[in-house]
1. Any residue that is over 17 Å from PHE532 (Cα atoms), open to solvent by 10 Å² or more (accessible area, probe 1.4 Å) and not in a helix (DSSP H, G or I) - is there at least one of those in segment 285-297?
2. How many of the residues making up segment 53-110 are in a loop (DSSP other than H, G, I, E, B), aliphatic (A, V, I, L, M) and either open to solvent by less than 30 Å² (accessible area, probe 1.4 Å) or in contact with a Leu (Cβ under 9 Å, 6 or more places away or on another chain) (or both)?
3. Tell me the residue from ALA41, ALA73, ALA101, ALA61 that is more than 30 Å from VAL342 (Cβ to Cβ), touching a Phe, Trp or Tyr at 6+ places or on another chain (Cβ under 8 Å) and either among the aliphatic types (A, V, I, L, M) or without any contact (Cβ under 8 Å) to a residue 40 or more places away in the chain (or both), please.
4. Does LEU821 satisfy the condition of being open to solvent by less than 30 Å² (accessible area, probe 1.4 Å), in a helix (DSSP H, G or I) and at pLDDT below 90?
5. Could you look through segment 461-477, keep only residues that are assigned to a loop (DSSP other than H, G, I, E, B), open to solvent by 60 Å² or more (accessible area, probe 1.4 Å) and out of contact with any Pro (no Cβ under 9 Å at 6 or more places or on another chain), and pick out the one that is farthest from LEU146 (Cα to Cα)?
6. Within segment 423-437, does at least one residue satisfy the condition of being of a type in the set (A, V, I, L, M), open to solvent by 70 Å² or more (accessible area, probe 1.4 Å) and under 30 Å from HIS400 (Cα atoms)?
7. Examine segment 712-730 for a residue that is modelled with pLDDT of 90 or more, among the polar types (S, T, N, Q) and either open to solvent by 50 Å² or more (accessible area, probe 1.4 Å) or under 30 Å from GLY491 (Cβ atoms) (or both), and state whether such a residue exists.
8. Identify, from the list VAL260, VAL271, the residue that is in contact with a Leu (Cβ under 6 Å, 6 or more places away or on another chain), closer than 26 Å to LYS349 by Cα, among the β-branched types (Val, Ile, Thr) and open to solvent by less than 30 Å² (accessible area, probe 1.4 Å).
Amino acid sequence: MPPPEEGLHAATPPPDACAAEAWFSARGWTPFAFQREVWAAMAAGESGLLHATTGSGKTYAVWMGALMRGTGAVGLQVLWLTPMRALAADTTAALRLPLPALAPKWTVGARTGDTPSAERARQDRRLPSALVTTPESLSLMLTRELARDELGGVHTVVVDEWHELIGNKRGVQVQLALARLKRWNPKLVVWGLSATLGNVDEAMATLCGDGEDGPGGRRAARRVQGRVDKALLIDTLLPADPGRFSWGGHLGAQMLQPVVDEIERSSTALVFTNTRSQAEIWYQLLLQARPDWAGIVALHHGSLDKAVRAWVEAGLKDGRLKAVVATSSLDLGVDFLPVERVLQIGSAKGVARLLQRAGRSGHAPGRPSRVTLVPTNTLELIEAAAARRAALAGRVEPRHSPGKPLDVLVQHLVTVALGGGFVADELFDEVKSTRAYRELTRAEFDWALAFVERGGDSLAAYPEYHRVQQVDGVWRVPDRGIARRHRLQVGTIVSDASMTVKWVAGGSGGRGLGSIEESFIARLNKGDHFVFAGRVLEYVRTQDMTAYVRVGSKKKGVVPAWAGSKMPLSSELGGAVQELLDCAAALLSGAAPHEDFVDIEMQAARPMLLAQVRLSQLPQSGRLLVERYRSREGHHLFLYPFAGRNVHIGLAQLLAWRLARAQPNTFSLSVNDYGLEILAANPVELGDALQATLFTGEGLLDDVLASLNSGHLAQRRFREIARVAGLVFSGYPGAPKSTRQLQASSSLFFEVFRKYDAGNRLLGQAESEVLAQELEVERLGATLRHLATLPWSFVELAAPSPFALPLLVERLREQLSTEKLKDRLARLLAEAEAALVAPPPAPRRRRGRLPG
């Protein structure tokens, strides 16, 4: 670093609480008690977590505290970590606002993947006083040879939207970076900001430490709860005709005009969807309904070009846009004051996500937040009522840190070796001081170190995997090529390779529209039409990982389906739905004759609930409803654990495997958030012995792995691990590798390790992540234990029940064309409606054990 400018910062003492109060007062504001509490805690050198509602003033609570801790030293003093690059610009502007009055010599800069090279060069010459950055950019800074000189003066770190990071490997990356900074400055103060956490104390301990001895000594943390009177309104847009039978997306067309009407009545609205595909579809629907809204209704999701997203965000801030259809790309704390209300298309699937999105409206202290739920099927009416109850009761989902991911550790070892080097014993203690690696053994650490030193047992002959070398007791990276490749790939965000979508050269000058996963483009032929960036496009050609398109000549096209689209129902929301169904069962059975549904959503769902009671029973928490139905396809079993899609995937596979082990059979499976369907070619005989073992937790892991194609799942998960661990290089700027190349490389490593390095711990991590993340095996085990305690309520169906029909449709969608599905659905509905008006059959319901 060059010598500092003489006198910089030296003549300006840090502001105190009185100066902060005066700055607030000059703007007509009065600090909240929780803001003053944070200022005092930070002044005393305490770390902590501020948990407060969105738009309540969290930013200035910690920023004022950071300014008060300022020193006369030159260089970087405050790091502000944000999970999204899109937040960096807004945050930087907010931090700069009080500087002229409170710290005129201070500077604030941003450093993310979007930062221009000229700005990076300026920062390389002299870092600002405070830097807004992402976990990936901070890790990249740690790879610099002079990292300790540049970052050792940081006295305060703020981690914004901590709930968004804690549950994934990016949060682990933050923990490791903080441990490094604490070694360089044991008095480092760390504060997290969050609005939606169900386990605040655990989240705080993960970020700040829980009082145990570490490199910085014994440290206490302060939890501050920001209590601000802020109205939260959660309501539901009711369909005119919910119907007695429903399935995924069944109400979508019916809800279009009501959504248009609500947007019309609002000054500015955000319309949230859960997937990018859904966002593209709803944007098209809105413009078809209101062509005059072209130019004032916009689309925003993470696959759109950065310039497009920036234009949309600016339009929201300026109040120029009537509505924006968005995904989670606008979930987090971007400040859009003009937004009057939020509409959520479909269920939010989680209480935290619902609260986060509600907070996008009324994003200022004292302004109410309003979110309107738009059900796309009748069952989502029940979810809407349950979500409101859970949100108002504060039943928010917890977030937990991953446990000692070795791929992140392997990457971190190379990062620290580049950033000045490390001594193994010291770094082991440093890594173990984090929550994520507190159970890390020395054997595991030594394995990771040996892996980056010589590539493990199977890669020793390849020099490019000899990434670190011990010199005079210090581990360093000796090869400049290895150093460059590592710096280009620092981070834990791994997604399928995407292709840039551009206009063909011509009137639009080859401008970019965004990016789509390569696997989707690979299925297109020249002349095919698809929907992207709010337009119908015609595919022209692919060249150099770029898909060239022109304006489509057709009105419709296929909508891309991005990987990982479906969100599972959370445990908290699933439990709230089950509670409502218990109440409904009591009301509809006459057990509570003088009461009626309190929630308007439940009143609207009454015809569907009555149909379920007429054909079967309502699923209840005190017993397991099992429906059996015979069709020309075979023998159907429907079960309703309400444990969420991911758990039901594992549960359906597990039950089918256990049934087939006892009685050879052929099964087809279908799941949704409420239950699962097992379709058997032959009748399923459920004797007492089989029933006793069907839900046992004994041998759960072995049975789950045996019931699934676990090798394929682990190999797919290993692709991510291989890239994080630096085994697979995604390419140099301007020359990225294709998905096929990356998959081939990771598959080769997987097979080599499996055959010649069976003890490779990254293989074990792949299997563990499949169980923990894709199948939620802990939640699956808890579901099995709960189901094993329940009596069974068995119903023979004359026709599909309202709860069974969505499971049938879910499976048929994978097998039939749209037209054939419509025909089949019409027959199923006719059969169900006929069963409703037919005379009641002789009782066929049994409780207790299923008959053989």
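The values are calculated or read from the model by the stated rules, or taken from the named source; none is laboratory data. Computed from a predicted model, the values in this text were never measured in an experiment. Reconstructed Cβ throughout: ideal geometry from the backbone, glycine too, with neighbour counts over all protein chains shown. These area figures cover heavy atoms from the full protein model, side chains too; ligands, DNA and RNA do not enter into them. Shrake-Rupley method; radii C 1.70, N 1.55, O 1.52, S 1.80 Å.
1. The answer is yes, given that some residue of segment 285-297 is over 17 Å from PHE532 (Cα atoms), open to solvent by 10 Å² or more (accessible area, probe 1.4 Å) and not in a helix (DSSP H, G or I).
2. 4
3. The match here is ALA101.
4. Values: open to solvent by less than 30 Å² (accessible area, probe 1.4 Å): yes; in a helix (DSSP H, G or I): yes; at pLDDT below 90: yes.
When the stated conditions are applied, LEU821 passes them.
5. This residue is ALA461.
6. Scanning segment 423-437 turns up no residue that is of a type in the set (A, V, I, L, M), open to solvent by 70 Å² or more (accessible area, probe 1.4 Å) and under 30 Å from HIS400 (Cα atoms).
7. no
8. VAL271
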